[in-house]
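The values are calculated or read from the model by the stated rules, or taken from the named source; none is laboratory data. Predicted model, so just to flag it, every value in this text is computed and none were measured. Here Cβ is always computed from backbone atoms with ideal geometry, including for glycine, and neighbour counts include all displayed protein chains. Keep in mind that these areas ignore ligands, DNA and RNA; they rest on the heavy atoms of the full protein, side chains included. Shrake-Rupley method; radii C 1.70, N 1.55, O 1.52, S 1.80 Å.
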Amino acid sequence: MALLSESPPVLPIHRKILAFSFIGWIFDFYDLLLLSFLVSSTTLTKDLSLSRDEVSILLGTALAFTAVGGFLGGALADRYGRKPLLMITILIYSVGTLFSGLAIGFWTLIIARATTGIGVGGEWAVAHALVGETVPPHVRGRYGSYLQSGSAFARFFASMVGNLLAPWIGWRAAFMLSALPALLVVFIRRHMPESDVWLMSVKAGVSSRLGYVAALGQMVGPALRKTTALALSVTTFNMAAYWFKTIWLPTYLHETRGLSLGDVAWLLLMDQVGSLFGYVAFGFASDRFGRRPSFTAFSIIKAVGLAMVTLGWNAAGGYSLMTFGFMLLVGFGEGNWGCIGPLLNEVFPTSVRAAALGIIYNTARGVQFLAPVIIGMVAARFTFGAGIALAVPFALLAGAMVWTLPETKGVRLMSDTATV
């Protein structure tokens, strides 16, 4: 029987797999971002008597625990399957968000955010492994970008709920409402198939005998050591460019630049609109021109936009049409995130694919625990704008570092040997 990934045309089942993974990723990332907006728009910090340092720790905690989720979720998905782990991780981040709304102080909220982070970290890896293994190679870049574009919808929902709905219903209700995606698990269980590439790997006796320690050992072994180090570097630099910009951006625009919450929402909307166009454009560009040149071009676009909305704010005219244009560029450049899932899928073998996706992506994200703390330190000495502008060199480093990895456009995902 032919594999789903070997079908010349794109089939309805491919779209169904993408749709479930896409929705799961939207609410995954939404739950991770929501706290950033609630801090600036509601009485959360006052109600829980949180200091600025405690808020920084809380913002970073979920990021740090995505690494835990990525380590566990990816390796377990290689052992037990993509579909069951997708359901479990969605349930975990939904529970974490529900308990965030029930927090009574710093420590209860930090436990809830850590739980959210574990679920978030596991879901990304499993979803990208599932989509990457089932779609035809000639559209893998596009489908990876479509899946990753869920982060733009997530930012839109988080900004709308955080800036417009939460001030009205309160931060507790906003968190509790955000736990509803747990219902998605019912539909995934009934209607989504397992990855046939993974099933074939199990039948061959590869995935069934690899546990977490063995998967990690293979990643750092002689055959994959170089690939692991390079892929982790690219992902970490790109992740730093994203989180140095994202975590404190609502607070920067509201407090440092003096914009109303409505004005902040409009600027962030431009970022999100740019992301949607960027993900679609990147998907087509990477399938046409290759992963590396497309990634670098989008990294440069992102760096230019970031520089202008931070250090170049006054030169851009403040809250002006030009600044809206630069926010659009920031979002468009972030379309290069559409590369990470397909690229990691393509440079690692089936036996450790989900583990590699989870470990690399979420280790890179877990390191960003330091981002809100560093920005807070820079802001105390200089400005929030200067702290957020640290994202610019990281974007450029990611764009240069991607050339250390091979060009993988159109490769099949059946090999159990390293690509590098």
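Contact order, relative form, for the chain: 27 percent (alpha carbon pairs under 8 Å, 6 or more residues apart, mean separation divided by residue count). Couplings 3J(HN,Hα) for the stretch 261-273, derived from phi with the Karplus relation 6.51 cos²θ - 1.76 cosθ + 1.60 (θ = phi - 60°), are 4, x, 5, 4, 4, 5, 5, 5, 5, 5, 4, 5, 5 Hz, where x marks Gly and Pro. In this view, the solvent-accessible surface of residue 200, computed with a 1.4 Å probe and all protein chains in place, comes to about 90 Å².
Pairs of Lys residues in the chain are counted when their Cα atoms are under 22 angstrom apart and they lie 8 or more places apart or on different chains; the count is 4.
Note on residue 401: accessible area approximately 50 square angstrom, rounded to 10, probe 1.4 Å, nucleic acids and ligands left out. Scanning residues 5 or more positions from residue 224 or on other chains, none has an amide H under 5 Å from its amide H, with H placed 1.01 Å from N in the peptide plane.
Under the rule a/c < 1.5 gives rounded, and otherwise a/b versus b/c splits prolate from oblate, where does the stretch 272-383 land using the Cα gyration tensor? Taking the square roots of the gyration eigenvalues as a ≥ b ≥ c, the stretch 272-383 is oblate.
In this calculation the C-beta distance from residue 53 to residue 138 is compared with R0 = 51 Å, giving a FRET efficiency of 0.55.
Here the peptides 127-134, 164-171, 340-347 are ranked by packing, the mean other Cβ count within 10 Å, and the order with the highest first is 127-134, 340-347, 164-171.
Positive contributions from Lys and Arg (+1) and negative ones from Asp and Glu (-1), summed over other residues with Cβ under 14 Å from the Cβ of residue 187, come out at +4.
A 1.4 Å probe, protein heavy atoms only, puts the accessible area of residue 30 near 10 Å².
Helical content alone sets the calculated 222 nm signal of the chain at -23000 deg cm²/dmol, taking -39,500 (n - 2.57) per DSSP H segment of four or more residues and averaging over every residue. In order along the stretch 232-244, phi translates into HN-Hα couplings of 5, 5, 4, 5, 5, 5, 5, 5, 4, 4, 6, 6, 4 Hz, rounded to whole numbers, per the Karplus curve 6.51 cos²θ - 1.76 cosθ + 1.60 with θ = phi - 60° and x for Gly and Pro.
Measuring with a 1.4 Å probe in the full set of protein chains, what accessible area per residue, in whole Å², belongs to the chain? Mind dumping the intermediate values first?
Details: 15230 Å² over 420 residues.
Here the residues of the chain average 36 Å² of exposed surface.
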